[in-house]
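Working notes for the structure below.
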Amino acid sequence: MLCEECRKHQANVHVTQVLNGERTEKNLCEHCAQAMGELDLAGLGSGSFNINNLLAGIMSMEQGSLPLKSRGMACATCGMDYRRFAEGGRLGCADCYQTFSRQLEPLLKRIHGTPTHQGKLPSRGALSVNRKRHLSRLKGELKAAVEQEHFERAAELRDQIKRVEQEEVQ
Amino acid sequence: MDCRAKWVAGGEASDPIVISSRVRLARNLKGIPFPGAMSSKEGSEVLSRVAKLLEQKAPHGYEVFYMAKMPQVERLALVEEHLISYDLANKTEGAVAISRDGATSVMLNEEDHLRIQALLPGLSLEEAWQTANSCDDLLEAELDFAFHEDYGYLTACPTNVGTGMRASVMLHLPALVESRQIGRLLAAIGQFGLMARGLYGEGTEAKGSVFQISNQVTCGIAEEEIVRNLKAVVEQIKAQEQAHLQKMVAAQRLKIEDRVYRALGLLTNARVLDSSEAMVLLSELRLGVSAGLLSLPVGVLSELLVLVQPGVLQTVNKVNLDALERDIKRGEIVRRRLLEVLGREKQ
């Protein structure tokens, strides 16, 4: 087999590349393979691979399958419409996350796996988030304690959960 | 004539493979549209609110630079020192606050209102996270950031939502490039939720074998875990690079030694040195240090990596130079700095 690049030398290198889940295969001669290695890497740096282009690509794909109504949807706060977002890959304001939540949800899943924030919470105004997190952690522990038949620990946890829930009501 | 950024300043770096570590946090002010959709009045409001706060509150103090007031060559120098992005350099509403120690820079009105970044020499991701986090704490005490119960910190691009955190390391991997392992390795990185790109690439080649590896996923994973994952993968890559380097040296020591010392000969004698030649030769010296064939402080090599860039070259030396004049000046700087440290090494 001849090299797919130069079509002069015998192809003796088989290159399989998986980039963002997309698989490409090539049969190259040794010389071209080496050159390609460098070419590909430079390509990574200079825009052929660009996360925003990629994102815009995914979104315009999804746009095709959206009902007409949501294609024309616009954010009441900043005026950003879905078409513009799909083209540019950028939202206009914080409220866009609410406006386009139905369209964003599958996209966020695809990018991040689980689109539920873990980690740092803002020190201001995050009290309710903190409490919610705390509760769900306690409930998880309670379930585990019951399964492992650690009933004393389970009783402690049950009381703790009650206290936190009461605080929330107040 | 010195750089401002801590990852190069003072030649403190000591790791020949991991050049630098960076943690960046994206934040937006509540109630103001993201930079892409805000009015210029809103842009000025972001600048005045955040810049003032940083200048007054920060323990080390920050110096604020406004893009609109800076000559192009100085903006370019900040890009080359990795203190700002190329995008910010071209934004008239943009500004950057840089801490006096050069470790933290806060970009204002880039893609998000704030991009807090900490950049340190070597593999120091935990420290970079702590540095960026404490800057975030400081700002958060006074500012309300856009935050969503489920999605976390809200950002202009959904790829940054959640922690808003991008942690990255810059790696020098010549042995993996030469043994043609690099392509396979960079492709495998995707499976760990990481991404890689060549740095200093121009046209057809990735110059100087420098790569950047960063986390791709920002939501659903805590900051400390992002740091842990990246660090674990980087340590593996570092070990791979070392192993391949040792194999190379064992197989052809004389040839590699010859390459390294030829590079040193050129760099300590050349009268006209363009930046891509400088990058390639500096990479050879770094390889020599990494392989234990050459005794030179790594910090000087990191510093030169930045000092040879056209923007820094002109800013640090306070002159405007045409291409040939730059190549002459570059040769002079590299020669002088290397001879100086070599003299010290001999004593």
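All of the numbers you see were taken from the coordinates with simple rules; none came from a lab. If you're wondering where the values come from, they're calculated on a predicted model, not measured in any experiment. For neighbour counting, all protein chains shown are included, and Cβ atoms are generated from backbone atoms with ideal geometry for every residue, glycine included.
Once you've got the GNM for chain B with C-alpha springs shorter than 10 Å, pick whichever of B:116, B:98, B:189 has the biggest mean-square fluctuation. Ranking B:116, B:98, B:189 by mean-square fluctuation puts B:189 first. Under the rule a/c < 1.5 gives rounded, and otherwise a/b versus b/c splits prolate from oblate, where does the stretch B:234-347 land using the Cα gyration tensor? Since a/c reaches 1.5 and a/b is larger than b/c, the shape of the stretch B:234-347 is classed as prolate. By the gyration tensor of its Cα atoms, with a ≥ b ≥ c the square roots of the eigenvalues, what is the shape of the stretch B:153-240: rounded for a/c under 1.5, prolate for a/b over b/c, or oblate? Prolate.
Less than 5 angstrom separates the built amide H of residue B:84 from those of B:79, all sequence-distant by 5 or more or on a different chain. Paramagnetic label reach from residue B:280 (point 7 Å along Cα→Cβ; backbone nitrogen cut-off under 17 Å): within the stretch B:314-331, residues B:327, B:331. What aspartates and glutamates sit close enough to residue A:8 to cross-link, taking a C-alpha to C-alpha distance under 13 Å and skipping anything fewer than 8 places away on the same chain? Partners found: A:30.
Given a Förster radius of 25 Å and the C-beta distance between residue A:109 and residue B:149 as r, what FRET efficiency does 1/(1 + (r/R0)^6) yield to the nearest 0.05? In this case the efficiency is close to 0.90. Spacing of the modelled spin labels on residue B:192 and residue B:130, each 7 Å from Cα toward Cβ, amounts to 2.3 nm. Net charge of the neighbourhood of residue B:228, taken over other residues with C-beta under 13 Å away and scored Lys/Arg +1, Asp/Glu -1, is -4. Taking B:64, B:300, B:319 in turn, the Gaussian network model of chain B (Cα-Cα springs below 10 Å) assigns the largest fluctuation to B:319. Amide H to amide H distances under 5 Å link residue B:6 with B:103, where only residues 5 or more positions off or on other chains count and H is placed in the peptide plane. Model label sites at residue A:156 and residue A:132, defined 7 Å from Cα along the beta-carbon direction, differ in position by 2.8 nm. Could you pull out the pairs from B:6/B:57; A:109/A:139; B:52/B:91; A:132/B:41; A:132/B:30 whose alpha carbons sit more than 30 Å apart here? Violating the 30 Å limit, Cα to Cα: A:132/B:41. Residues whose amide H lies under 5 Å from that of residue B:95, counting only those 5 or more places away or on a different chain, are B:67, B:108; hydrogens are built 1.01 Å from N in the peptide plane.
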